[in-house]
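Scroll down for the structure; my scribbles are underneath it.
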Amino acid sequence: MQMSIRISATELPGILLIEPRVFEDPRGFFLETHHQRKYSEAGLDAQFVQDNHSHSKRDTLRGLHYQLAHPQGKLIYAACGEIFDVAVDLRRSSSAFGKWYGARLSSENHLQIYIPPGFAHGFCVLSDRADVVYKCTDFYYADDDLGILWSDPDIGIRWPISEPIISEKDKALPALSQLSADKLPA
């Protein structure tokens, strides 16, 4: 059987970079953005319960968000445009605690990223606009919506934009060092 996707581990445990097989012809292209059996056979055996679609303009930065009581794994791709997608390991027991991973996802490269539960997630928009679609392994709960500051100097994310457009809520998020242990995944 020919694999239709390639899944690669990254330097952060649990984060996977996914390259789906793309079928192109003069009309355009076709790809499977998710196929449970094929993804499971390739090493990504997550069960998804909710799909989200985010539309943003250039220089928008969203995040870094996570849920504690209902942690979400996320399978993310850019359906239109280009983003720089980031995950920060918040698992207190992880040897990679506080470390980050970033990847450019675009409608041109068709890459996907899987971020397991226990990570904060965010992205910034590099194109004029971007449509980001992601599947989640748990439902969104507004009362469980937590986050860390996008510009936390201790984490040191190298965002590829200099003056991001950020919501007031995200501007007010605490640095990782300001969070008590009960506000972090075990």
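The values are calculated or read from the model by the stated rules, or taken from the named source; none is laboratory data. Since we're looking at a predicted model, the values are computed, not measured. Counting neighbours? That spans all protein chains shown, and the Cβs are built from the backbone with ideal geometry, glycine included.
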> Is it the case that some residue within the range 22-32 is crowded, with 19+ Cβ neighbours inside 10 Å and either touching a residue at least 24 places away in the same chain (Cβ under 8 Å) or within 19 Å of S106 (Cα to Cα) (or both)?
Replying inline: no
> Under the condition of being outside any loop (DSSP other than H, G, I, E, B) and of a type in the set (A, V, I, L, M), which residue from the range 175-186 is nearest to R104 (Cα to Cα)?
Replying inline: L176
> For the range 128-138, does any single residue satisfy the condition of being surrounded by 20 or more Cβ atoms within 10 Å (Cβ to Cβ), out of contact with any helix residue (DSSP H, G or I) (no Cβ under 8 Å at 6 or more places or on another chain) and polar (S, T, N, Q)?
Replying inline: no
> From the residues in the range 121-174 that are assigned to a strand (DSSP E or B) and among the aliphatic types (A, V, I, L, M), which one is farthest from L111 (Cα to Cα)?
Replying inline: L146
> Is there a residue being touching a His at 6+ places or on another chain (Cβ under 6 Å) and modelled with pLDDT of 95 or more anywhere in the range 83-102?
Replying inline: yes
> Being in contact with a Cys (Cβ under 7 Å, 6 or more places away or on another chain), at pLDDT 90 or above and either among the hydroxyl-bearing types (S, T, Y) or more than 19 Å from E108 (Cβ to Cβ) (or both), is that true of even one residue in the range 37-48?
Replying inline: yes
>> From the list R62, R58, exactly one residue is within 26 Å of L126 (Cα to Cα), in contact (Cβ under 8 Å) with a residue 40 or more places away in the chain and surrounded by 17 or more Cβ atoms within 10 Å (Cβ to Cβ). Which is it?
In response: R62
>> Please go through (1) closer than 21 Å to I15 by Cα; (2) touching a strand residue (DSSP E or B) at 6+ places or on another chain (Cβ under 6 Å); (3) surrounded by 20 or more Cβ atoms within 10 Å (Cβ to Cβ) for W159 and return the number of the only condition it doesn't satisfy.
In response: (3)
> If you check K38, K74, which single one turns out to be charged (D, E, K, R), within 12 Å of the chain's Cα centre (by Cα) and over 22 Å from A172 (Cβ atoms)?
Replying inline: K74
>> Could you tell me how many of the residues in the range 9-21 are closer than 17 Å to H34 by Cβ and free of Cβ contacts under 8 Å to residues at least 40 places away in the same chain?
In response: 1
